[in-house]
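Read the structure below first, then the notes.
The values are calculated or read from the model by the stated rules, or taken from the named source; none is laboratory data. No experiment lies behind these values; they were computed from the predicted model shown. A quick note on method: Cβ atoms are made from the backbone with ideal geometry, for glycine too, and the neighbour counts reach across all protein chains shown.
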Amino acid sequence: MLKSHVKFHSIAGKRLVLIVDDEIVNREMLRNIVQNDFDVVMAEDGEEAVEKIKEHGDLLSLILLDLNMPKMGGYDVIQWLKSSDDYVNIPVIVLTGDKHAEVDSLTMGAADFLTKDPLVPEVVLTRMQKTIELYEDRSIIQSTEREDLTGLFNKEYFYRYSEQFDTFHSELIMDAVFIDINHFHLINELYGRKAGDEVLIHLSDYLKDLREKTRCIAGRVEADKFFVYIEHGKVSYTTMAEEINSHFDDFRDIHVRVRCGIYQNVDKSFDIETRFDRAVQAANTIKGNYSKSIARYDNETFQKKMFEDRLITEMDEAMATHQFYLNFQPKYNVHGEEPVLASAEVLVRWDHPELGRISPGQFIPIFEHNGLIQKLDFYIWDRALECAGRWRKEHGIELPLSVNVSRMDLYNSSLIDFIIEKLIDYDISKKNLYLEITESAYMDDSAQLIEIINSLRAEGFKIEMDDFGTGYSSLNMLADVPVDVLKMDMRFVQNLNSSEKQETMIRLIMDIAKYLKMEVVAEGVEDKEQVDFLRSVGCDVIQGYYFSKPLAEKEFVEHVLQAQKK
Ligand code: C2E
Ligand code: CA
Ligand code: CA
């Protein structure tokens, strides 16, 4: 609640007044006079008045106070008010028939007085209005609630007023709207600060005019960012965005465009900050997309974001408590009569204590997006090599493993040193570690990236281009890029049965690979027809459910031992 006692203004609907009189006739007369212009609470004596003030505190704009009352008189109420920290600024108009009392009450701190006999409605209302304006202006001057440039509320006061608005109008359905000016810094840079200021003022004026259409509160919360708390269903936001944008078209020839995020029908059980966070989140979904000016928050997006945030926050702990573990999927060489187990791909798994199994398809892109993948991959490679070392010692297994390497991993300067150190630690030969780098990593077209991949090859690691065919590799690029193996994207194989075009595509990939002297691995191979076709076109290695699903360590070791017996 507001310590400085600043009440909110007509923008947010009617003000609240407290009428205190022990005589029911007086109370009802006053109520009749003011109720069109004000919301009213009433008290029958001084004690009840104090209770009502405590209850409504900051929302009260004015108290109309009788002096002669049982229990606690009007003077005592004024005295109590003036000695309180929280309510000292609520103006009081004293109701009296006694000329002497007028002077006394003004001396004690009442703002004004009204003569009871007779009560003239126009006089009552005018005095009330004047007093309220006077006090509110004073409060505004004392506080820094409005910011200088636009006269809109600053963030803190915007939140406070919106909360007060809710207390007052709990029955209204409200929307939280966030408005951001695209490239505002460019406007400042290109046209100067003054032009930038004018744009802000222009937009603020538009928002102020909205108040004529509906109940709303507007604030400027950052340089070029605005919040509007607005009654639902009263304005069309598409129109609003269009109006703002076209508003600017005749404005100094500066091309100004806004981006609006809207959280409709806000859930009032969330605090006001959260509601506007949602509006901001919605707007962020169209950042950089200039064909769209508005975006609405939807709960699904939010749930997804919450889920992602949770995974990010919990990754470290998950690593420390071994929630991540490895699966291994065999790859078979299909050149000869009988398929021969040639290597295996290491695939990470996350067993979350509450969320259960989370698919790498879900968490890997999130960790790739924010860079956490480096930490996880280093951990996975370490675990994988440790397994390989152990299997050799315990079972004499010597099988190459391929690990997935994300684009971000390649920018880690300790990548090569780390891998080599681990190979030494677990006594594994370089030729037994393959690196699967997704095709899209090559799209970066960065000299640095190519250099790193080249040095990995120079060290003796086999490089597989993963998901080949999903990116945009041109033939030119393929010829220049350092790769040993093309790992054809699963979709080629999985669409095989459905169209002849896919057969042609696969043949084409085989031709390119042959020409560039690269090996081809097909993955996602699930049935015999696919195997037969792939063999017939000269595919070297096959991975997929047809041979084996990804296996937990124990099953995988058994699988390898079985395969080697044959
Ligand atoms: P990917 O590297 O293309 O891995 C192949 C995916 O296909 C794996 O999914 C595998 O379980 C699945 N798969 C294998 N055979 C078949 C089949 O016959 N049919 C079908 N429908 N699917 C098959 P998974 O394990 O869910 O991994 C998804 C992706 O997550 C991987 O795609 C890879 O990009 C990423 N990933 C997995 N583990 C790691 C890791 O340790 N590090 C990094 N950076 N990425 C990883
Ligand atoms: Ca892979
Ligand atoms: Ca793949």
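Worth a mention:
- Per-region count, the range 534-566, residues more than 15 Å from ligand 1 (Cβ to nearest atom), touching a residue at least 12 places away in the same chain (Cβ under 8 Å) and more than 26 Å from G396 (Cβ to Cβ): 3
- The range 520-555, subset within 16 Å of ligand 3 (Cβ to nearest atom) and part of a helix (DSSP H, G or I), residue farthest from the chain's Cα centre (by Cα): L534
- Criterion applied to E368, E398 was being among the charged types (D, E, K, R), buried (at least 17 other Cβ atoms within 10 Å of the Cβ) and touching a Lys or Arg at 6+ places or on another chain (Cβ under 8 Å), and the one residue passing it is E368.
- Residue in the range 373-382 that is of a type outside the set (G, A, S), modelled with pLDDT under 95 and surrounded by 14 or more Cβ atoms within 10 Å (Cβ to Cβ) present: no
- Cβ separations smaller than 6 Å between residues 6+ apart or across chains give the following pairs from the range 400-422 residues that are outside any helix (DSSP H, G or I) to residues that are more than 15 Å from ligand 3 (Cβ to nearest atom) and not β-branched (V, I, T): P400/N432; L401/A384; L401/A388; V403/W381; V403/A384; N412/Q374.
- The range 483-517, subset hydrophobic (A, V, I, L, M, F, W, C), within 16 Å of ligand 2 (Cβ to nearest atom) and not in a helix (DSSP H, G or I), residue surrounded by the most Cβ atoms within 10 Å (Cβ to Cβ): M488
- Restricting attention to the range 52-73, the residues that are farther than 11 Å from Y87 by Cα and of a type in the set (S, T, Y) total 0.
- The residue list V258, V280, V235, V266 contains one member that is under 26 Å from K14 (Cβ atoms), within 23 Å of the chain's Cα centre (by Cα) and of a type in the set (A, V, I, L, M), which is V266.
- Condition met for G219 (closer than 22 Å to D277 by Cα, among the small types (G, A, S) and either in contact with a helix residue (DSSP H, G or I) (Cβ under 9 Å, 6 or more places away or on another chain) or assigned by TED's automatic domain parsing to the domain that holds A283 (or both)): yes
Residue by residue, here is whether (1) away from ligand 2 (no atom under 15 Å from the Cβ); (2) modelled with pLDDT of 95 or more; (3) out of contact with any strand residue (DSSP E or B) (no Cβ under 7 Å at 6 or more places or on another chain) holds:
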residue: W391; (1), (2), (3): yes, yes, yes
residue: H395; (1), (2), (3): yes, yes, yes
residue: Y411; (1), (2), (3): yes, no, yes
residue: F418; (1), (2), (3): yes, yes, yes
residue: Y434; (1), (2), (3): no, yes, no
residue: E439; (1), (2), (3): no, no, no
residue: M443; (1), (2), (3): yes, no, yes
residue: I450; (1), (2), (3): yes, no, yes
residue: E459; (1), (2), (3): yes, no, yes
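- Count of the range 350-361 residues, restricted to those that are over 30 Å from E529 (Cβ atoms) and either aliphatic (A, V, I, L, M) or within 16 Å of ligand 3 (Cβ to nearest atom) (or both), is 2.
- Scanning the range 424-450 for residues that are in a helix (DSSP H, G or I) and surrounded by fewer than 18 Cβ atoms within 10 Å (Cβ to Cβ) yields I424, D425, Y426, K430, K431, S440, A447, Q448, I450.
- Tabulated pairs, the range 333-349, first within 16 Å of ligand 3 (Cβ to nearest atom) and among the polar types (S, T, N, Q), second at pLDDT 95 or above and in a loop (DSSP other than H, G, I, E, B), C-beta under 7 angstrom, 6+ apart or interchain: S343/L399; S343/P400
- Near pairs, Cβ below 8 angstrom, 6+ apart or cross-chain, from the range 85-110 (assigned by TED's automatic domain parsing to the domain that holds L134 and surrounded by 21 or more Cβ atoms within 10 Å (Cβ to Cβ)) to any residue that is of a type in the set (D, E) and in a helix (DSSP H, G or I): V94/E102; T96/E102
- If the condition is being among the aliphatic types (A, V, I, L, M), within 29 Å of M443 (Cβ to Cβ) and more than 16 Å from ligand 1 (Cβ to nearest atom), then the range 392-422 contributes I416, I420.
- Any hit, the range 483-503, residues being hydroxyl-bearing (S, T, Y) and in contact (Cβ under 8 Å) with a residue 24 or more places away in the chain: no
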